[in-house]
Amino acid sequence: EKGLKIEKAAGGVTVEELYLRRKELDGKKVAVRAKVVKVSPKIMGRNWVHLQDGTGDPAAGTNDLTVGTQDLPVIGSVVTFLGTAAKDRAFGMGYDYKVILEDAALAK
């Protein structure tokens with residue numbers, strides 16, 4: 001989303017930082033604060049949420065983070081997810097991710 005600028009969560013990372021540091025953060029708990037731009041509910045036992053915070057490169061795809069969660073946030077809302085970073089995840093059917101946030105929960 002053009003012109004989007006969201007301050008990162010305290011102690012957290014931006015969407016772009018998660019891509020850049022995916023090897024180092026793989027398997028670690030991280031917090032990401034961003035805007036919910038898409039929600040695909042109830043697929044493979046979880047909800048798939050796409051987050052953007054204004055960082056990253058749309059052409060390289062490093063501006064959009066996919067989150068696997070049981071929570072169901074509202075599209076357009078700004079949320080903080082806490083989850084486990086995972087790099088190079090493939091779920092089959094063309095669902096391949098350089099980085100994804102798994103088992104994530106909305107921070108209260």
task: Being aliphatic (A, V, I, L, M) and surrounded by fewer than 19 Cβ atoms within 10 Å (Cβ to Cβ) narrows it down to one of Ala10, Ala34, so name that one.
output: Ala10
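Restricting the search to the stretch 41-84, which residues are acidic (Asp, Glu) and either open to solvent by less than 60 Å² (accessible area, probe 1.4 Å) or at positive phi (or both)?
Of all residues in the stretch 41-84, those acidic (Asp, Glu) come to 53, 57, 64, 71.
Asp53, Asp64, Asp71 - these are the residues of the stretch 41-84 that are acidic (Asp, Glu) and either open to solvent by less than 60 Å² (accessible area, probe 1.4 Å) or at positive phi (or both).
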message: Could you check the stretch 7-56 and list, in sequence order, the residues that are among the β-branched types (Val, Ile, Thr) and farther than 15 Å from Val79 by Cα?
response: Ile43, Thr55
query: When you scan the stretch 1-97 for strands (runs of 3 or more DSSP E) that lie fully inside it, which ones turn up with 3 or more residues that are among the aliphatic types (A, V, I, L, M)?
result: 29-43, 78-90
- request: Kindly list, by first and then second residue, each pair from a residue in the stretch 70-99 that is within 16 Å of Arg21 (Cα to Cα) to a residue that is of a type in the set (Val, Ile, Thr), limited to pairs with Cβ atoms under 6 Å and residues at least 6 apart or on different chains.
  value: Ala85/Val30; Ala86/Ile100; Lys87/Val99; Arg89/Ile100; Tyr97/Thr66
query: Of the residues in the stretch 85-104, how many are open to solvent by less than 70 Å² (accessible area, probe 1.4 Å) and within 15 Å of Asn47 (Cβ to Cβ)?
result: 5
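The values are calculated or read from the model by the stated rules, or taken from the named source; none is laboratory data. Quick caveat: nothing in here was measured; it's all calculated off a predicted structure. FYI the Cβ positions are ideal-geometry reconstructions off the backbone, even for glycines, and counts take in every protein chain you see. With ligands, DNA and RNA removed, areas are computed over all heavy atoms of the protein, side chains included. Shrake-Rupley method; radii C 1.70, N 1.55, O 1.52, S 1.80 Å.
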